[in-house]
1. For the chain, with only Lys/Arg (+1) and Asp/Glu (-1) charged at the beta-carbon, what is the dipole magnitude about the Cα centre, in debye rounded to 20?
2. May I ask you to evaluate 6.51 cos²θ - 1.76 cosθ + 1.60, the Karplus curve with θ = phi - 60°, for each residue of the stretch 45-50 and list the ³J(HN,Hα) values in order in whole Hz, giving x for glycine and proline?
3. Number of Lys pairs in the chain with C-alpha atoms less than 21 angstrom apart, excluding same-chain neighbours closer than eight positions?
4. Expected output is a single nm value to one decimal: the length gained when fully extending between Asp97 and Ala5, i.e. 0.36 nm times separation in residues minus the C-alpha distance. What is it?
5. Considering Cα pairs under 8 angstrom that are at least six residues apart, work out the relative contact order of the stretch 215-330 and quote it in whole percent.
6. Where a ≥ b ≥ c are the square roots of the eigenvalues of the C-alpha gyration tensor, would you call the stretch 90-213 rounded, which needs a/c under 1.5, or, failing that, prolate if a/b is larger than b/c, or oblate?
7. List every residue whose amide H lies under 5 Å from the amide H of Arg154, counting only residues 5 or more places away in sequence or on a different chain, with H placed 1.01 Å from N in the peptide plane.
8. Rounded, prolate or oblate, given the Cα gyration tensor of the stretch 291-364, with a/c below 1.5 counting as rounded?
Amino acid sequence: MDLPAPQSYSPESFRPLTFHDAVPRFRDGSDTPRAYLERCLETIAALEPQVMAFVSLNEAGAREAADASTARYRAGAPLSPIDGLPIGIKDLLETRDLPTEMGSAFYKGNRPGRDSALVQALRQAGAVIVGKTVTTELGMSHPGPTRHPFDLRRTPGGSSSGSGAVISARMLPAAIGTQVLGSVIRPASFNANWALKPTQGGINRGERQGFSQSTVGIHAGSAEDMWQIAVEIVKRVGGDPGAPGMYFTGEAPPPALRPRRLAVLETEGWAVVEPAAAAAFERALDALRAQGVEVIRRGDHPLLEMLEQRVIGAMALATDVCAYESAWSVANMMAKNPDALSASLKARFELGCSVTLAQYRARLLQREEMRRAQAALAGEVDAFIGLPACGPAPLPGDTGGSTNRILHTTGNPIMNTASSGLGCPVVTVPRMAVEGMPLGLAVTAQPHQDERATAIARWIADAIPPIIA
């Protein structure tokens, strides 16, 4: 089948769906959550056959929830600022009224009949659960069917492929993703999303506690919606067990904050960044300097150089840690139905079985050294800035970042593994286009400074012009 010609993305003209600015119209009666939902469903019906961002939809349930929200607005009693918000849930997270198949043939037809903690919180806040978005196999690297809305030949990234794509396709204003290596930040960059990967444990993962550095993240068409969704979840179900949850000084999105000094965080991925992406990034840094922001790099400060040295090997660290931590659960699957597992997942299982306890402990110590090196810069810089991906979304089959039989065909996660290992918050700012495709900027802060990262990201979005390379 011939695919339509790619659309050229421009950060100057692209307008994703947003929700916060529709709420005043709900309150005055000129619009309703049900009408807003119907517009979303019309777009989904038109584009889903080609984009394939959803595993399952619950149109009847969404309409019922939107009608209930409409009645609350008419009564002047919405449940929260996100009452009536249509949202997609990554298909790693349980939903009581939809299957949870986790991108795996092993879980085909799996219906746990319960909501994950954050899904409970969203329902309590009045959000409208529209459907489950496509994930890679078990949230790892074997790809799902989703195509990039701007260029159907390309991947939208992984593992939160569907969650990223529904934003760039203007199907929904928001979706939930998850990340272990780079599964929120990378697809957000590819799809012109605002996205928050919070501090480790900042948003309750519910049943998804199996990986020590996995997090739940928010994809959205605006910083305002991204932040408000995170706050409404945390208000109701907090963070992971034993974690304090994401901190916020007020429930409204934080106002833009001009940084005094930003540090470029190159990481080991800088060596494989595409030249056009690196050139666009340098233009962004020049624009920040023109606004009076001091930008330092590794050669400018010994503590920053120390951090850069410590995060070398973050990709291998994450691969080993995740393989070790998942080996027991994959062993159960291998014993029951090995034919339902991809070759890439089986390779991860073999790696996990080969990592010894002593090696795992050494990796955890390496991760702690990374985190101490970042903490040493707490009083030196306001935040870090970098690239959330090596370049724009690649064509399928691109194996950049693959190791042996463990494939990464949805884009190389190497630009994300440092911040994932650091356990710190990252916000993706959609401000650049490279070769007609989106590329974001990544604003990274110290752990528990999610609010600061968001505030600085909002300032950057306003302060620098769109960059088209």
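The values are calculated or read from the model by the stated rules, or taken from the named source; none is laboratory data. Being a predicted model, the structure only gives us computed values, none of them experimental. Counting neighbours? That spans all protein chains shown, and the Cβs are built from the backbone with ideal geometry, glycine included. Just so you know, the surface numbers come from the protein's heavy atoms only, side chains and all, with ligands and any DNA or RNA stripped out. Shrake-Rupley method; radii C 1.70, N 1.55, O 1.52, S 1.80 Å.
1. 540
2. 4, 6, 9, 4, x, 9
3. Taking the Cα cut-off of 21 Å, the pair count is 10.
4. 29.4 nm
5. 21
6. Since a/c stays below 1.5, the shape of the stretch 90-213 is classed as rounded.
7. When sequence neighbours closer than 5 places are left aside, the close amide H contacts are His148.
8. Prolate.
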